[in-house]
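Structure record follows, encoded as structure tokens.
Values quoted throughout were computed directly from the atomic coordinates according to the rules given, and no laboratory measurement underlies them. Nothing here was measured: the structure is a model prediction, and the numbers come from that model. Here the Cβ positions follow ideal geometry from the backbone for every residue, glycine too, while neighbour counts run over all protein chains shown.
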Amino acid sequence: MAPPHSTNGGSEHDSSTAAAFASLDTVSHSESFNTEHELFDAGHKFKEGALISSKEKYAAMYTRSIKDPDGFWSDIASEFYWETKWPEENGKVHTENFDIRKGPVKVEWFKGGKTNICYNALDRHVQAGKGNQVAFYWEGNSPDLDGCLTYSELLQRVCQLANFLKDKGVKKGDAVAIYLPMLMELPIAMLACARIGAVHSVVFAGFSAESLAQRVLDCKPKVIITCNAVWRGPKVLVLKTIVDEALTISLAQGVSVDVCLTYANDIALAREKTAWQDGRDIWYQDVIPNFASSCDIQWVDAEDPLFLLYTSGSTGKPKGVLHTTGGYMVYTATTFKYAFDYHQEDVYWCTADCGWITGHSYVTYGPLLNCAKVVLFEGVPNYPDAGRCWEIVDKYNVTIFYTAPTAIRSLMRSGDEPVKRYSRKSLRVLGSVGEPINPSAWKWYYEVVGDERCPISDTWWQTETGGFMITPLPGAWALKPGSATFPFFGIQPALVDENGKELEGVCNGYLCIKGSWPSTFRTLYEDHARYETTYFAPFKGYYFSGDGCHRDADGYYWLTGRVDDVINVSGHRIGTAEVESALVSHSQCAEAAVVAIEHEVKGQGIYAFVTLKEGVSYSEELRTSLRNAVRHQIGAFASPDRIHWAPALPKTRSGKIMRRILRKIAAKQLDELGDISTLADPGVVQELIDLTDV
Ligand code: WT7
């Protein structure tokens with residue numbers, strides 16, 4: 001596990017008072033709200049076929065979802081299979097306390113009901129005669145590799161793995177770690193866990209050994225599922241050595257994982273060349289086909305845990321976000337259906353990796369619960385070239401395409417030609433997720449990719465929320481480039497000021513949510529206190545998202561970015577404290593402070609101010625070595641874009657680092673430094689400015 005360095009002056013705990021958050025006017029975009037008056041309406045033809053074809057239809061459903069959440073959600077939940085229906089007392093299907101002043105925060109939906117999400121995602125469809133329908137089209141990193149699984153085949157694969165897990169002693173409630181790239185085995189592993197009531201903890205296969213170890217130490221899995229290596233663009237990543245290192249670290253700290261099930265990805269690395277530990281390591285292909293292809297379902301309570309997914313917060317230690325079964329199932333399926341206007345003929349492709357929440361809710365569970373045909377892509381959007389995405393769209397006749405603004409901006413840089421080379425005529429709906437989409441990227445996506453024919457669902461949500469919170473419903477209302485538009489059914493956004501007062505009408509505020517929704521996360525694993533302090537203490541009576549938000553005169557919501565110490569790099573959440581801790585672990589680093597800067601492609605970049613130990617001199621080699629420390633502790637995606645040498649950091653007399661000043665220096669906005677007289681040593685600021693280009 002990473003050493004628990006706390007950087008001098010950094011906050012020890014996630015902020016629990018509103019005053020700790022960035023003031024809303026410091027969060028600004030270079031393209032601010034100049035598209036507030038531009039409306040893009042879906043064509044008449046689209047609307048005619050849309051599930052929700054007007055604002056009035058939405059309003060009627062929305063009103064019911066708020067006035068009668070129990071009735072609204074229980075009607076929808078009844079469309080799923082429940083082994084035992086939830087007990088209804090006066091029609092209530094949920095209980096909640098979101099107000100820490102009234103006692104512990106607690107949420108329950110459909111408690112007492114027994115179901116299984118794997119059964120609902122697979123068996124239910126097979127039993128309805130849809131077994132021969134495609135579940136996954138798998139597209140390899142290399143364009144000449146692909147594969148496909150029908151719902152029956154997928155079910156059989158899931159059952160075989162589930163039987164293996166049972167054979168290894170995995171029981172209901174046990175954790176299983178999954179460290180896999182986008183092979184079919186990744187969603188198969190998730191579903192196999194769900195089938196037997198085990199709790200999966202997927203770790204994105206870009207995380208380093210240290211990060212994986214930290215997660216293993218936290219959730220103590222009985223089994224880890226991985227593969228030996230994988231192609232990613234033009235490179236091979238050897239995952240098995242990362243897992244080996246992680247398991248060595250965990251073992252040294254008292255957590256032993258006794259089974260490491262390893263998929264042999266021969267095209268990336270031969271078995272003979274794979275490091276191996278007899279007794280612990282097992283080749284997937286050697287054992288799984290020997291297990292029976294049917295497996296009894298473990299019925300679980302709606303409130304039994306389904307998965308843990310670690311995410312970054314304001315402090316060094318990642319948070320184990322815990323989701324339960326019933327509400328998550330009902331909500332992800334419903335949001336998928338409406339936000340993408342899903343019809344059974346659709347072919348759906350979400351480019352996210354299952355290592356993130358998007359891959360949980362909208363590659364795996366949401367689409368499969370709807371019996372959708374899903375494209376699973378192993379590669380990256382610009383390999384072998386910038387036309388790859390559209391080549392895939394044409395190959396499978398993708399109708400719904402869902403990606404992140406960072407991918408759009410990066411493809412946009414290659415111009416229109418790689419897009420125009422392909423017809424894309426199958427596309428009907430486009431989606432965006434992960435960070436605010438800047439209006440110029442939105443317009444390029446709309447005009448060039450979608451040929452002005454496809455509405456864009458800009459879905460705002462979070463690991464914690466499990467599913468979409470603020471999102472367009474394509475066809476229901478006109479879109480504005482850069483706005484996530486309106487709340488989904490059952491969601492009550494509230495924009496509050498720094499005193500927690502709810503603002504009305506046109507305003508800028510901290511985005512909170514009033515009341516629970518079915519897929520609310522229930523706790524942070526083994527740290528309910530942190531759950532309450534981080535999310536429910538800052539603004540009493542509300543869930544606080546950590547985002548700033550603007551509401552315009554037409555009631556549209558515009559997300560403006562994080563207001564806490566979380567940086568959003570290419571849609572990946574990275575805590576400043578995590579990066580600082582990694583830098584400080586370097587033997588020549590005395591202190592570090594990290595801030596976000598605007599980045600043309602990644603949305604935000606990581607800008608690190610580093611103070612070296614006495615006598616160490618600045619050099620490019622040292623910069624590389626500091627970056628490597630971050631790669632080693634967290635993963636390559638968190639490597640700082642810029643390292644700025646700092647003889648000292650600007651601190652208040654009480655020793656708190658003034659990040660506001662660092663942000664301005666990083667952005668070269670020197671005329672906006674503001675009041676620096678409260679610094680212990682105001683001279684530090686000029687020294688830092690002088691070192692800007694060193
Ligand atoms: C944070 C959550 C939820 C899936 C991927 C990220 C930002 C996410 C949007 C959007 C503006 C967005 C927010 C949020 N974010 N989607 N459509 N518009 N911002 O999940 O890692 O939990 O990050 O991503 O800042 O708080 P995550």
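If you take every DSSP beta bridge whose two residues both sit in the chain, what share of them, in percent to the nearest 5, is antiparallel? Walk me through the numbers before you get to the answer.
Numbers: 63 of 102 bridges.
For the chain, the DSSP antiparallel bridge percentage is about 60.
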For the chain, list log₁₀ I(q)/I(0) at each q in 0.11 Å⁻¹, using the Debye formula over Cα point scatterers of equal strength and ignoring solvent, two decimals each. -1.20
Which residues does a label at LYS514 reach in region 484-503, if reach means a backbone N under 11 Å from a point 7 Å past the Cα toward the Cβ? 492-495, 502-503
Counting only residues 5 or more apart in sequence or on a different chain, those whose built amide H sits under 5 Å from that of GLY635 are SER208
If amide H atoms are modeled at 1.01 Å from N in the peptide plane, then the residues at a separation of 5 or more from THR560, or on another chain, having amide H under 5 Å from its own are GLY548, CYS549, HIS550
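Once a ≥ b ≥ c are taken as the square roots of the eigenvalues of the Cα gyration tensor of region 192-263, is the result rounded (a/c under 1.5), prolate (a/b larger than b/c) or oblate (a/b not larger than b/c)?
oblate
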Under 5 Å between amide H atoms, partner at least 5 residues away or on a different chain: which partners does GLY431 have, H built in plane at 1.01 Å? PHE401, TYR402, THR403, SER457
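Only loop residues by DSSP count here, and only those with at most 12 other Cβ atoms within 10 Å; note down the GluC sites (Glu not before Pro) in region 443-513 that meet that. Walk me through the numbers before you get to the answer.
Working: sites: GLU447, GLU452, GLU464, GLU498, GLU502, GLU504; in loops: GLU452, GLU464, GLU498, GLU504.
Passing both the DSSP loop test and the Cβ count: GLU452, GLU504.
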Semi-axis lengths, Å, region 289-369, gyration tensor of Cα atoms, sqrt of 5 times eigenvalues: 23, 21, 15
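Run the helix sum for the chain: -39,500 (n - 2.57) per DSSP H stretch of 4+ residues, divided by residue count, reported at 222 nm to the nearest 500 deg cm²/dmol. Before the final figure, lay out the partial values.
Values: 19 runs with 174 residues, N = 694.
Rounded to the nearest 500, it is -7000 deg cm²/dmol.
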Rounded to whole Å, give me the distance from the Cα center of region 612-664 to that of region 248-298. 39 Å
Region 305-399: which GluC sites (Glu not before Pro) are DSSP loop and have at most 12 other beta-carbon atoms within 10 angstrom? GLU345
Quick check: convex hull of the Cα atoms in region 618-657, volume per residue, rounded to a whole Å³? 87 Å³
Output wanted: per-residue J couplings in Hz (rounded whole) for region 648-658, from phi through Karplus 6.51 cos²θ - 1.76 cosθ + 1.60, θ = phi - 60°, x for Gly and Pro. 7, 9, x, 10, 6, 5, 8, x, 8, 5, 8
Region 489-521 to region 527-597: how many Å between their Cα centroids? 17 Å
Sort out for me the Cα centre separation of region 666-694 from region 71-137, rounded to whole Å. 54 Å
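Hand me the trypsin sites (Lys or Arg not before Pro) from region 300-402 located in a DSSP loop with no more than 13 other Cβ atoms within 10 Å, in residue order please.
none
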What does the charge add up to near PRO87, with Lys and Arg as +1, Asp and Glu as -1, over the other residues with Cβ less than 15 Å from its Cβ? -3
Spelling out what I want: for every residue of region 594-604, take phi, set θ = phi - 60°, compute 6.51 cos²θ - 1.76 cosθ + 1.60 (Karplus), and round to whole Hz; glycine and proline get x. 10, 10, 8, 10, 5, 10, 4, 9, 7, x, 10
Residue by residue through region 587-592, what is 3J(HN,Hα) from phi via Karplus (6.51 cos²θ - 1.76 cosθ + 1.60, θ = phi - 60°)? Round to whole Hz and write x for glycine and proline. 4, 9, 9, 8, 7, 8
